[in-house]
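The values are calculated or read from the model by the stated rules, or taken from the named source; none is laboratory data. What you see is a predicted model, and the numbers here were worked out from it, not measured in a lab. Because the Cβ atoms are built from the backbone with ideal geometry, glycine has one as well, and the counts that use them run over all protein chains shown. When the accessible area is computed, the model is the full protein with side chains, heavy atoms only, and any ligands, DNA or RNA have been set aside. Shrake-Rupley method; radii C 1.70, N 1.55, O 1.52, S 1.80 Å.
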Amino acid sequence: MRDADVELPADAILAWSRKAAGAIPASALREHLSVVADPWTLLGADDLQIRSTEASLASLWVTDLRNLGHGRRFWFADRARETTCIFLPSPDYTPLKDWTRSGLPPELAVVEVTARFDGMLAGLAAVAWAMHWADRPAQRRDRDRGRLGVPAFGECLYEGDFDYSAGAVLADRDEIAIARKLDVPAGRVRELLSLLKVRTTPP
């Protein structure tokens, strides 16, 4: 069967996403949110992060369910009472979600939103869920996400006339890696390398 012949369960996805967003208790609408997603549902988690940031709805960070133990855990240890953790797994990742949740601090508010779909359909469902969920804090703040208005400085940044081509230095991948290690702007790497070459070249 060709991909074009596959029918997307659009109605089922939209119905699930609307119901799942509405089922989350109002007490979960905190200033700090963490969305823990799997490789498929990260699509929706990232979408929600963008919506939350652009409309100033909440401070929200996203992490992969498989990487939660790599540093992000300290946030939960330090700010458990200020944060709501939203697990957004698809069915294949439910066992890992259960194991991960069992180790979290008991005082951390946790919400589970398990997509009923697999693979890319789970990703699409997660994006639809993010759209509906973002409306909840927006309504709480009496904010129309589609008509936020633009502050004067934002208009200047958006419509600014800075000439990026003038004197711009395009760094390649190696130069970017070096810049990160040296903690310098990528545009200075070539200059530093040229100085190093001059100083280390034998007469």
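Data table
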quantity	calculated
Any chance A130 is in contact with a helix residue (DSSP H, G or I) (Cβ under 6 Å, 6 or more places away or on another chain), of a type in the set (A, V, I, L, M) and touching a residue at least 24 places away in the same chain (Cβ under 8 Å)	yes
Hits in the range 42-95 (condition: in contact with a Lys or Arg (Cβ under 8 Å, 6 or more places away or on another chain), assigned to a loop (DSSP other than H, G, I, E, B) and within 20 Å of I13 (Cα to Cα))	P89
Enumeration of residues in the range 35-75 that are among the polar types (S, T, N, Q), more than 8 Å from the chain's Cα centre (by Cα) and crowded, with 19+ Cβ neighbours inside 10 Å	T41, S52
Checklist (1) in contact with a helix residue (DSSP H, G or I) (Cβ under 7 Å, 6 or more places away or on another chain); (2) of a type in the set (S, T, N, Q); (3) closer than 30 Å to D142 by Cα applied to T100, failing item	(3)
Test: R30 is part of a helix (DSSP H, G or I) and either within 19 Å of V111 (Cα to Cα) or open to solvent by less than 10 Å² (accessible area, probe 1.4 Å) (or both)	no
When residues of the range 96-113 are limited to those that are touching a strand residue (DSSP E or B) at 6+ places or on another chain (Cβ under 8 Å) and assigned to a loop (DSSP other than H, G, I, E, B), the one surrounded by the most Cβ atoms within 10 Å (Cβ to Cβ)	V113
Yes/no for A171 being surrounded by 10 or more Cβ atoms within 10 Å (Cβ to Cβ), modelled with pLDDT under 85 and outside any helix (DSSP H, G or I)	yes
